[in-house]
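Below is one structure; the comments refer to it alone.
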Amino acid sequence: MHDAYEPVPILEKLPLQIDCLAAWDDWLLVGTKPGHLLLYRIKKDAGTNRFEVTLEKSNKNFSKKIQQLFVVSQYKILVSLLENNIHVHDLLTFQQITVVSKARGATLFACDLQQSSSGEAKLRMCVAVKRKIQLYYWKDRDFHELQGDFAAPDIPKSMAWCENSICVGFKRDYYLIRMDGRGTVKELFPTGKQLEPLVAPLADGKVAVGQDDLTVVLNEEGVCTQKCALNWTDIPVAMEHQPPYIIAVLPRYVEIRTLEPRLLVQSVELQRPRFITSAGSNVVYVASNHFVWRLVPISIASQIRQLLQDKQFELALQLAKMKDDSDADKRQQIHHIQNLFAFNLYCQKRFDDSMQVFAKLGTDPTHVIGLYPDLLPSDYRKQLHYPNPLPTLSGAELEKAHLALIDYLTQKRSHLVKQLNDSDPFTTSPLMEGTPTIKSRKKLLQIIDTTLLKCYLHTNVALVSPLLRLENNHCHIEESEYVLKKAHKYSELIILYEKKGLHQKALQVLLDQSTKANSPLKGHERTVQYLQRLGVENLGMIFEFSPWVLKICPEDGLKIFTEDLTEVETLPRDKVLNFLKDGFKELAIPYLEHIIYMWDETRPEFHNVLIQLYLEKVQGLMKVYLNSLPEDEIKAKSAGKEAGELGEYRNKLLSFLEVSSSYEPERLISDFPFDGLLEERALLLGRMGKHEQALFIYVHILKDTHMAEEYCHGHYDSSANGNKDVYLSLLRMYLSPPDVHFLGPIKMELCEPQANLQAALKVLQLHHSKLNTTKAINLLPANTQIREIQVFLESVLEEKAGRKRFDQVLKSLLQAEFLRVQEERIFHQQVKCVITDEKTCRVCKKKIGNRCASCEYLILLQYSVL
């Protein structure tokens, strides 16, 4: 409690009993029981709480009975209830202006003065006449009916306007009457045990309604606007609203309370007070039967000082907003009080409310973070000062406080990120004057993100990773590294290092944790994933940290260089290949196979290397294979038909030599031995265009005529000079085999090549269409039987004759089609079409003479088929 008002006697021991009061400006009207109307001038002495009271006018014959007074200073009129009728007098002379004759028998009235947006005042009045309520409005110095009368369920005892409704108190119940043209009546609640109902208007257009020692606030819909009712120490008999206070006259004293927050502010003991009235802001009169007091407000500055000592910050804020100081001083004091209020909410452990106030104030977030233990560096924390000692938090309370701080910092972070690139100066306000604040947005973001990280570690660890993965994450590296290691959150530590570009540290942690039994990073999988994302700019680091993975799991390690990711696919393949060849040669072949078959690598150097690696592998396996067999069991097998890895790799080599078109056979052929791998040499010779040497291998060394014919079938091309005579070369191999040293220094024991006339005749029979007839006959030996030559020539002539017949039929069909097209052309050219101005266009439906330009090009097309 504090002193908000000081009671000052105005009239003492008045000989006449007071029945009603009214006031405006410096004037006080007193209506007495005998019917006298007294007008006093109340003038305050400067610098004191003394008043000079002067009786300016006394009208002893005003009325026999003065029941109610209401002053409308804007219209200079006095509205009064005299002898159960409504009278209007001039406020200065007390001359009667009018009498509302229809209101005869009235027992109560209530006036409402509305201010329009243009500043014009509008006066409305409701009058209780027995069980009716009449409505009037003031115009041209008289009251006029506003709308028809409303029937009331009982005789009204108290009533007040509530914007476009009237709240009426009857003997047992309260009702709300809507001014909606229909007079809708809403029953509210009982009046309680009190003898008289009490309805008092409030400054914001609402009404205060009494129910015994409780008071509720209603809006024009009849809905209670306060969570809890005001609880008085006794039953009020009258009320007056002086924001932020509501003053109630109780049987033995005057009580002053606030609606929000609900506080008992002051109790003023007076001798049997009965009436209360107001002459405007901070001018309140209270009267008993023979005394009148004025409640003089204590200065707002004094009240604020007392309230701050009592930690009543909400009420102090309301009073600060009402001060008459300059705008700058008022803003500064309001801001200071709001900071104290927010700090006090924190000390009361109302963390969410406290953070909301700090957010609205724009208080430096570091000062808010400093309220919590162990969130700021100790050196900076020592520079912060607070109004009172901070509460000690632990357990559930600390977690609740952290959750509130998270919401606050998340909001602040979002706001700062949007302004990060702004050129406007950045300022925050201190919680206590003189405390340093952060001037840089980036530095403040760093503190906020690091604090959020610490809070998440205390409340919800699942949110740590999303925070660290943010592209604009500003966590302080050393501080974040310390808290993550302390909490053993190594997975999150890896994310921090990765986002900050500290790949060396991240990979070292992955290596250290890979062998620890209970670590979430145990194994090599996370290292593989991390290395795959590094990209070409970190190639050296990939080569540095991949070997340990390649050693323990070559298959997974190879994925570092073969995964279908952009970062992996763009690695320099020549450097990767050299790295693998130097330390992990067994992985070079699968790497080359991947880049060639999966990534369509076409550069010759990679194809050459793959062939060389295949060759080395095959030669090594071949040597082991031959050494494993007894000498008397050595038996040559077809290429690629060998058992085990030898057959597998030789098949790969043969297949690659056939399908690849990017390798360079001239460079590779010198690597192939002369004492083996003849099938592979034949393929290389064929790719070099040396068909006779290739065919010599198939025919005279491998003695496989089928492979020789397959070779010719694969290389024959009638349009290519080097390949169109490949079958002729095969025929020559059969009929005129070259010397045994035709291929060069062959290290194999070979028999002298023998002619094979039967195979040659078979070639003539099956492939005569692919042979030059003259050259083929010239190759045949002189002792060839006439019958065999005749068969060959017959086959050639039949093929030529068949071709001739086909060409003749095709010529005849083309000639027939040509004649048909000519006949159709002549038919269409014979059609005659005459176009005149009277013809109608089929597109625009206009006559040709008036046709639109857009369809001119269609005219001939339309009429050409008529």
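The values are calculated or read from the model by the stated rules, or taken from the named source; none is laboratory data. Source: prediction; values computed, not measured. Virtual Cβ from ideal backbone geometry, glycine too; neighbours counted across all protein chains shown. For accessibility, only protein heavy atoms count, side chains too; no ligands or nucleic acids. Shrake-Rupley method; radii C 1.70, N 1.55, O 1.52, S 1.80 Å.
Here are the numbers for this structure:
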quantity: Asp19 long-range amide H proximity, modeled H, under 5 Å; calculated: Gly31, Thr32, Lys33
quantity: For the chain, with +1 on Lys and Arg beta carbons and -1 on Asp and Glu, the positive-most of Cys126, Phe545, Ser440 along the dipole; calculated: Cys126
quantity: Cα-centred dipole magnitude for region 514-585, charges only on beta-carbon of K, R (+1) and D, E (-1), debye, nearest 20; calculated: 320
quantity: Proximal aspartates and glutamates to Lys311, defined as alpha-carbon separation beneath 19 angstrom and excluding residues fewer than eight positions away on the same chain; calculated: Asp3, Glu260, Asp352, Asp353, Glu433
quantity: Qualifying aspartates and glutamates (Cα of each under 14 Å from Cα of Lys64; at least 8 residues distant if same chain); calculated: Asp19, Glu83
quantity: Rounded FRET efficiency, nearest 0.05, which uses the C-beta distance separating Ile334 from Glu478 and R0 of 41 Å; calculated: 0.55
quantity: Mean separation of Cα contacts under 8 Å (6+ apart) over length of region 602-688, as relative contact order %; calculated: 36
quantity: Label-point separation in nm, Leu146 to Asn231, each point 7 Å along Cα→Cβ; calculated: 3.7
quantity: Estimated FRET transfer efficiency (Lys485, Gln194; beta-carbon r; R0 60 Å; 0.05); calculated: 0.30
quantity: Linear extension gain, Arg252 paired with Val536, 0.36 nm per residue minus alpha-carbon span; calculated: 93.2 nm
quantity: Nearest-20 debye value, the chain charge dipole, Cβ charges on Lys, Arg, Asp, Glu; calculated: 3800
quantity: Residue (of Leu580, Ile369, Asn473) at the positive-pole extreme of the chain, dipole from beta-carbon charges; calculated: Ile369
quantity: Degrees separating the helix 644-659 axis from the principal Cα axis of the chain, which is the longest one; calculated: 90
quantity: Under 5 Å, built H, 5+ apart or other chain: amide partners of Thr98; calculated: Val88
quantity: Rounded to whole Hz, the Karplus (6.51, -1.76, 1.60) HN-Hα couplings of region 145-157, x for glycine and proline; calculated: 5, 7, 6, x, 5, 10, 7, 10, x, 7, 7, x, 9
quantity: Local electrostatic count, Thr107, Cβ distance below 15 Å [Lys/Arg +1, Asp/Glu -1]; calculated: +3
quantity: Rounded FRET efficiency, nearest 0.05, which uses the C-beta distance separating Asp407 from Gln529 and R0 of 25 Å; calculated: 0.15
quantity: Local electrostatic count, Met179, Cβ distance below 14 Å [Lys/Arg +1, Asp/Glu -1]; calculated: -2
quantity: For region 489-551, radius of gyration divided by Kirkwood radius, i.e. Rg to Rh on alpha-carbons; calculated: 0.94
quantity: Exposed-site-free run, longest, the chain (rule: GluC sites (Glu not before Pro); DSSP loop; at most 14 other C-beta within 10 Å); calculated: 472-748
quantity: Accessible surface of the chain [probe 1.4 Å, protein heavy atoms]: carbon and sulfur percent; calculated: 49
quantity: Hz values of 3J(HN,Hα) by residue in region 257-265 - Karplus curve (6.51, -1.76, 1.60), Gly and Pro given as x; calculated: 9, 10, 6, 9, x, 6, 9, 8, 8
quantity: Value of [θ]222 nm, deg cm²/dmol, for the chain, DSSP H segments ≥ 4, -39500 (n - 2.57) each, nearest 500; calculated: -12500 deg cm²/dmol
quantity: Solvent-accessible heavy-atom area per residue, rounded to whole Å², over the chain at 1.4 Å; calculated: 53
quantity: Net lengthening on full extension, Gln830/Lys575 (0.36 nm per residue, minus Cα-Cα); calculated: 84.1 nm
quantity: Residues of region 254-269 with amide N under 12 Å of a point placed 7 Å along Cα→Cβ from Asp325; calculated: none
quantity: The chain: angle of helix 786-829 to the longest principal axis, Cα-based, in degrees nearest 10; calculated: 40
quantity: Anisotropy class of region 222-304 from Cα gyration tensor, a/c 1.5 cut; calculated: oblate
quantity: Rounded, prolate or oblate (a/c below 1.5 giving rounded, otherwise prolate when a/b exceeds b/c) for region 602-688 by Cα gyration tensor; calculated: prolate
quantity: Per-residue ³J(HN,Hα) for region 413-422, Karplus 6.51 cos²θ - 1.76 cosθ + 1.60, θ = phi - 60°, Hz, x for Gly and Pro; calculated: 5, 4, 5, 5, 4, 5, 9, 4, 9, 5
quantity: Whether region 1-51 is rounded, prolate or oblate, judged on the alpha carbon gyration tensor where a/c under 1.5 counts as rounded; calculated: prolate
quantity: Cβ-based charge dipole, region 602-688, positive-most Cα from Pro604, Leu654, Leu684; calculated: Pro604
quantity: Packing-based order for 201-207, 247-253, using average beta carbon neighbours within 10 Å, highest first; calculated: 247-253, 201-207
quantity: Spacing of the two label points (7 Å from each Cα toward its C-beta) at Thr98 and Thr48, in nm; calculated: 4.6
quantity: Between helix 351-361 and the chain: long-axis angle, C-alpha atoms, 0 to 90°, nearest 10; calculated: 90
quantity: Reachable lysines, given that their alpha-carbon falls under 18 Å from the alpha-carbon of Lys132 and they are not under 8 places away in the same chain; calculated: Lys102, Lys157, Lys171, Lys186
